[in-house]
Amino acid sequence: MSETRTTPQDITAGVVASFDDCEDPRLREIMQALARHLHDFAREVRLTQGEWTDAVRILTDTGHITDDRRQEFILWSDSMGLSMLVDALANPLPEGATESTVLGPFYVPGSPPREYGGNIAEEAGAGTPAWVFGRVIDADGNPIAGAELDVWQNGENQLYAVQDPEAEEDHLRGVFRTREDGTYAFVAVRPTPYTIPHDGPVGRMLQATGRHPWRPAHIHMIVRAPGFHTLTTHIFDAESDWLDSDAVFAVKPSLVRHFERRAADDADRPDGVEGEWYSVESDFVLVPQSSNGAGG
Ligand SMILES: [Fe+2]
């Protein structure tokens with residue numbers, strides 16, 4: 001009787017074949033590719049048993065630290081650039097459309113509706129005021145009236161309202177609508193760089209690999225309009241630190257905006273704003289739902 005040795009390739013082939021009878025073709029495709037890539041990964045780095053034991057411990061710690069306010073699995077996805085990649089694959093936007101970027105973990109649905117030009121800072125001392133204005137338009141430059149801008153950001157203390165037990169629930173967030181000519185405007189504050197949570201497994205990975213946990217200053221927005229694809233994006237402050245090394249890889253050069261410094265006595269000063277302020281202009285170009293190539 002001839003002796004046949006089982007090779008590493010035989011092991012992989014057996015696992016891939018175990019999914020052959022899966023009735024859901026998409027699930028079959030995903031599980032077979034996952035098995036192939038996972039095994040190839042272990043082969044490529046010659047994964048040791050000790051390293052695999054460490055990995056299981058890290059995954060276990062990731063589960064233990066996750067609850068309804070802390071999502072360490074999303075942090076892994078963000079810090080490995082997978083969130084950005086999945087977004088890019090889902091939203092291959094046509095030329096001229098505003099680029100999307102990650103939603104991030106601090107979005108809370110149900111922001112208060114606010115009037116044109118309204119202030120999203122519910123509390124004093126949130127930061128230097130910034131007049132954010134522009135238009136929501138289609139790729140031909142036609143205004144989109146009644147588009148919704150759902151906006152949220154952090155303050156000078158680096159925190160989003162949802163992270164800050166001292167802050168009002170609606171602090172630094174709001175929903176605005178464009179006027180007939182597609183224009184929108186609101187008073188925000190100049191945003192501040194902040195760190196992603198780094199006291200857990202992802203933080204230990206960043207530390208061990210010589211990476212930092214910082215994100216460059218930005219304001220989040222979701223732009224929605226009937227008949228158009230919803231756009232989830234940021235505007236980034238062109239003068240912020242960390243633009244070239246965002247911990248979650250969310251910076252796209254087309255989303256960087258210049259915050260223009262304005263004097264206290266500037267004639268364009270918005271109502272209710274005192275002292276030094278900034279203005280920043282940003283148009284958002286949406287893609288019609290009938291257009292091919294764009295998803296979700
Ligand atoms: Fe953010």
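The values are calculated or read from the model by the stated rules, or taken from the named source; none is laboratory data. Owing to the predicted nature of the structure, the values given are computational and were not obtained by experimental measurement. Here Cβ is always computed from backbone atoms with ideal geometry, including for glycine, and neighbour counts include all displayed protein chains. Quick note on the areas: whole protein, heavy atoms, side chains included, nothing else; ligands and nucleic acids left out. Shrake-Rupley method; radii C 1.70, N 1.55, O 1.52, S 1.80 Å.
For Arg224, neighbours were defined as the other residues whose beta-carbon sits under 12 Å from its Cβ, and their charges (Lys and Arg +1, Asp and Glu -1) total -1.
Summing Lys and Arg as +1 and Asp and Glu as -1 over all other residues whose Cβ lies under 12 Å from the Cβ of Arg204 gives a net charge of -2. I'd like the antiparallel share, as a percent to the nearest 5, of DSSP beta bridges with both residues in the chain. Antiparallel bridges: around 75 percent, rounded to the nearest 5.
Kindly rank 99-108, 130-139, 66-75 from highest to lowest mean number of other beta carbons found within 10 Å of each residue.
Top of the packing list down: 130-139, 99-108, 66-75.
Each of the peptides 83-89, 167-173 was scored by the mean count of other Cβ atoms within 10 Å over its residues; in descending order, highest first, they stand as 167-173, 83-89.
Counting each DSSP H run of 4 or more residues in the chain as -39500 (n - 2.57), what helix-only mean residue ellipticity at 222 nm follows after dividing by all residues, to the nearest 500 deg cm²/dmol?
When only DSSP H runs of four or more count, the value is -7500 deg cm²/dmol.
Peptide packing: for 34-44, 119-129, the average count of neighbouring Cβ atoms within 10 Å per residue gives the ranking 119-129, 34-44, highest mean first. For the stretch 226-274, GluC sites (Glu not before Pro) meeting the loop criterion (DSSP other than H, G, I, E, B) and having at most 11 other Cβ atoms within 10 Å: Glu274.
Using a probe radius of 1.4 Å on heavy atoms only, what accessible surface per residue do you get for the chain? Whole Å² is fine.
Result: 56 Å² per residue.
Can you give me the relative contact order of the chain as a percent, contacts being Cα pairs under 8 Å and 6 or more apart?
21 percent.
Other residues lying with their Cβ under 15 Å from the Cβ of Gly96 contribute a combined charge of -3, Lys and Arg counting +1, Asp and Glu -1.
For the stretch 190-274, which whole percent of the accessible surface, found with a 1.4 angstrom probe, sits on carbon and sulfur atoms?
Values: 2030 of 4100 Å².
Carbon-and-sulfur percentage of accessible area, whole number: 50.
Entry note, the stretch 156-208: relative contact order of 32 percent, from Cα contacts under 8 Å with a spacing of 6+ residues.
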